[in-house]
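Any read-out appearing in this document is the output of simple, stated calculations on the displayed coordinates, not a laboratory observation. What you see is a predicted model, and the numbers here were worked out from it, not measured in a lab. FYI the Cβ positions are ideal-geometry reconstructions off the backbone, even for glycines, and counts take in every protein chain you see.
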Amino acid sequence: MRYEMISTEIDTELNKRIIKVHDHQENFTYIYYEDEIENISILGLKIFIKERIDPINIGVYDVPNL
């Protein structure tokens with residue numbers, strides 16, 4: 001699999017979810033705010049995130065804020 005969902009977390013200052021996805025082919029981790037998904041220009045990455053939007057929205061990938 002090319003992409004792997006690393007984690008999500010809430011930016012408490014902006015009250016937005018941060019989404020982190022690692023691209024194994026490019027060995028790079030992409031970081032987006034939830035409201036930036038529609039603007040992602042890499043089609044495969046955009047589809048990967050959109051396919052997981054329900055689990056993302058309910059916090060399945062969330063890491064706790066310490």
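Put a plus charge on the Cβ of each Lys and Arg, a minus charge on the Cβ of each Asp and Glu, and nothing anywhere else: the dipole of the chain about its Cα centre is then about 180 debye.
Computed from the coordinates I sent, Kirkwood radius over Cα pairs in Å equals one of (1) 16.9; (2) 12.1; (3) 13.6. Tell me the label. Checked against the structure: label (2).
Of all aspartates and glutamates in the structure, the ones whose alpha carbon falls short of 19 Å from that of Lys50, not counting any fewer than 8 places away in one chain, are Glu4, Glu9, Asp23, Glu34, Asp35, Glu36, Glu38, Asp62.
By DSSP, the beta bridges lying fully in the chain are antiparallel in about 95 percent of cases. Which distance in nm do the two modelled labels at Ile31 and Lys16 give, with both placed 7 Å along the Cα-to-Cβ direction? Roughly 1.3 nm, to one decimal. Placing a label point 7 Å from the Cα of Glu4 along the Cα-to-Cβ direction, the residues of the stretch 30-66 whose backbone N falls under 13 Å of that point are 30. Couplings 3J(HN,Hα) for the stretch 2-16, derived from phi with the Karplus relation 6.51 cos²θ - 1.76 cosθ + 1.60 (θ = phi - 60°), are 6, 9, 9, 6, 7, 5, 9, 7, 9, 7, 5, 6, 9, 6, 10 Hz, where x marks Gly and Pro. For Lys16, nonlocal amide neighbours, meaning residues 5 or more places apart or on other chains whose placed amide H falls under 5 Å from its own, are Asp11.
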